[in-house]
């Protein structure tokens, strides 16, 4: 890739991806535990006084950790099947589309990974995604719109991009990150609902009046910390998830060129993907980051694929295409 030392290989980049993934997942896990402890403590002292602060912290952290582990295990073993069902993808075999299977088989051999399962989505939108917890359980899904509009070289470029995600273990990381972000958002939403319910019934006000000055200060500090976390944690988690997703799109593009040895194939495919204004019916905000380009309506209309923002799951198409052109020089 451009800008990297000559002795850095794609295997080095994959290993670097794995190390970063471990660090980020540990960080997100710690954020979930800290958030659980803080919100549980805030709810407890708000409703019953400061004397239960320490037990609430411990219990909140423990419950958050257990829920996070259970959710990640579900995501690890069952997340890919859930995503395929949500997207409306159905499995196909070689007899249905020999050319597609030949393309995927050739690229899988070039990537040194097992042949992934192939799925088809009956939709006019032009898009594709990969999922699965590791290369041995990988799957690629493409829309009928993409299959009908791309040439063989362009199809190979898109499939190579998706197989690069599988080879780089991006698919596992994307599912786990989405799970952790979902937990954080759910916990914060539950906290605000409890606070609203408690305020409506006067629980917190009675607790504050019934305690001494020291307890009141503790309650205030805990509440301030919890409120700040409840406001900042979801946004921070989403920003981390989006930033990592954008960088991995660049790496998958470069990986596709390494597999096909033909940048123009993916360039042509991205140009057609950018020109399409048809949103994908089965896509949603939880799965949008998995696709080769953002499949949602707000990205498909106008110049949506060219927008650059920290809240975007994909980098602008013109930047991706420019980087691919640089690999041809």
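With both labels modelled 7 Å from their Cα along Cα-to-Cβ, the residue 74 to residue 225 distance reads 2.9 nm.
Exposure proxy ranking for 137, 314, based on other Cβ atoms within 10 angstrom of each Cβ and starting from the fewest, stands as 137, 314.
Residues 51, 106 in ascending order of nearby Cβ atoms (within 10 Å, fewest first): 51, 106.
The modelled label-to-label distance for the pair residue 271/residue 82, using points 7 Å beyond Cα in the direction of Cβ, is 4.0 nm.
Protection proxy ranking of 269-277, 122-130, by the mean of other Cβ atoms within 10 Å over each peptide's residues and highest first, is 122-130, 269-277. As a rough guide to protection, the peptides 165-171, 28-34, 76-82 ranked by mean Cβ packing within 10 Å, highest first, stand as 165-171, 28-34, 76-82.
Among 223, 180, the ranking by other beta carbons within 10 Å of each residue's beta carbon, starting with the fewest, stands as 223, 180. Each part gets one Cα centre, and for the stretch 226-271 versus the stretch 67-116 those centres are 19 Å apart.
Spin-label pair residue 67-residue 243: with each label point 7 Å from Cα along the Cα-Cβ axis, the two points sit 2.6 nm from one another. Extension gain, residue 327 to residue 217: 0.36 nm times the residue separation minus the Cα-Cα distance gives 33.6 nm.
Bear in mind that the values in this text are calculations on the coordinates, not laboratory data. Values in this document were obtained by computation on a predicted structure and should not be read as measured data. Cβ sites come from the backbone with ideal geometry, for glycine too, and all protein chains shown count toward neighbours.
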